[in-house]
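The numbers here are math on the coordinates, done by the rules we state, and not lab data. Quantities reported herein were computed from a predicted structural model and do not represent experimental measurements. For neighbour counting, all protein chains shown are included, and Cβ atoms are generated from backbone atoms with ideal geometry for every residue, glycine included.
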Amino acid sequence: MPVDIGNYIALSTVMFFIGVGGVLLRRNPLIMLMSIELMFNAANLLFMAFARAWLANAGQVFAFLVITVAAAEAAIGLAIVVSTFRDEKNVDVDEIRLMRG
Amino acid sequence: MIAFWILGAIAIVSAMWTVTAKKPVYSVIALLVNFAALAVLYVTLSAEFLAVMQIIVYSGAILVLFVFVIALLSSGVAPFSAGPNRMPKAVAPAIAIVLAALGFVVYATLGTRIAPSGRAPAAATLGPVGTAGVFGSVADFGKALFTTHLLPFEITALILMVAVIGVVLLAGDRVPYVPTRRRANEVERSAREAILRGGE
């Protein structure tokens, strides 16, 4: 029995805003990056659900591209965390004032 | 339908755990649970290839990267493992309630009107997952990726290359090791001078 698309939209929305809350409320950059991954996954779930509802392949293809870009984003973000930590010995994003001029 | 509710509950609970966990390692574990639940959901949505990619790329590559960075950073400094946390204890349930309300509102307003109105392409057929020729099969997906959506695919290759160069520039050695004869001579001379200085 197929699940109604509204269920997927609701699940995806809740997951996305949990990720938003993580980015806004946490100060640990690693957990912020993981919250961003959560948001990527919420978007992917929606892509997949709509691809299934319309029987169109494009949604799956773009979900694949989102996974690839998420991998690149995670690598860059973690590199920034590592290099910042190397300079400042600190990972509290409120304390980092490298870009503040 | 039952599978959807179970998997959705697992996904939401593990997402909450990811965001609220004190230590980043627990966040990684929760995120792994979340990704696994989503992979199973993808199978139920007849996206078999994406389910496998979810496990391999997300759980296999990205989360291992996170674990590596946690291990790398927390080896030198103890407080990092705990991690700073701005979230007060009372905020988490409030956020959960708000999220539940939000999801319900989205479901109530969009739930019924958004289904496709009989415009499904004639070529796409549904069938058991893993069968050739049905919607979402690997052959279908590959053909779409390499013909219709070739340009985004190529742009993704460019993005990945830029990411690799950026990571090497950001996190690589500040002074790259250059194995030349001149450099070796410099190192040898400075070592000799240090020994002489020590002897004085």
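Looking only at other chains, what is the average number of their beta-carbon atoms within 10 angstrom of each beta-carbon in A:44-55?
For peptide A:44-55, the averaged partner shielding equals 6.
Looking at the square roots a ≥ b ≥ c of the eigenvalues of the Cα gyration tensor of segment B:1-80, which shape do they give, rounded for a/c under 1.5, prolate if a/b is larger than b/c, or oblate?
Details: a/c = 5.96, a/b = 1.78, b/c = 3.35.
Note, shape of segment B:1-80 comes out oblate.
Kindly provide the helix-only [θ] at 222 nm of chain A, computed as the sum of -39,500 (n - 2.57) over DSSP H runs of four or more divided by all residues, to the nearest 500 deg cm²/dmol?
On the way: 3 runs with 78 residues, N = 101.
Taking each H run of at least 4 residues, the total per residue is -27500 deg cm²/dmol.
Which whole number gives the average, over all residues in B:165-172, of C-beta atoms from other chains lying within 10 Å of the residue C-beta?
Across B:165-172, the average partner-chain Cβ count within 10 Å equals 5.
Classify chain A as rounded, prolate or oblate from the Cα gyration tensor: take a ≥ b ≥ c as the square roots of its eigenvalues, call it rounded if a/c is under 1.5, otherwise prolate when a/b beats b/c and oblate if not. The partial results should precede the final answer.
Details: a/c = 4.38, a/b = 2.22, b/c = 1.97.
Since a/c reaches 1.5 and a/b is larger than b/c, the shape of chain A is classed as prolate.
Averaged across the residues of B:11-23, what count of C-beta atoms belonging to other chains lies within 10 Å of each residue's C-beta? Each step should come with its number before you reach the end.
Details: counts 9, 4, 0, 3, 14, 5, 1, 9, 14, 6, 5, 2, 3.
Partner Cβ neighbours, averaged per residue: 6.
Give the calculated FRET efficiency between B:LYS22 and B:ILE165 to the nearest 0.05, with a Förster radius of 25 Å applied to their Cβ-Cβ distance.
After rounding to 0.05, the efficiency reads 0.10.
Spin-label point model (7 Å from Cα, Cβ direction): what's the B:ILE56 to B:GLU193 distance in nm?
According to this spin-label approximation, the distance is 5.4 nm.
Sequence gap at least 6, Cα distance under 8 Å: using those rules, report the relative contact order of chain A to the nearest whole percent.
Details: 79 pairs, mean separation 26.7, N = 101.
Result for chain A is 26 percent.
Quick one: if you stick a label point 7 Å off each Cα along the C-beta vector at B:PHE146 and A:LEU24, how many nm between them?
If labels sit at B:PHE146 and A:LEU24, their model points lie 4.5 nm apart.
Set the Förster distance to 41 Å, then compute FRET efficiency between A:VAL93 and B:LEU158 from the Cβ-Cβ distance, nearest 0.05.
Details: r = 29 Å, r/R0 = 0.71.
So the FRET efficiency works out to roughly 0.90.
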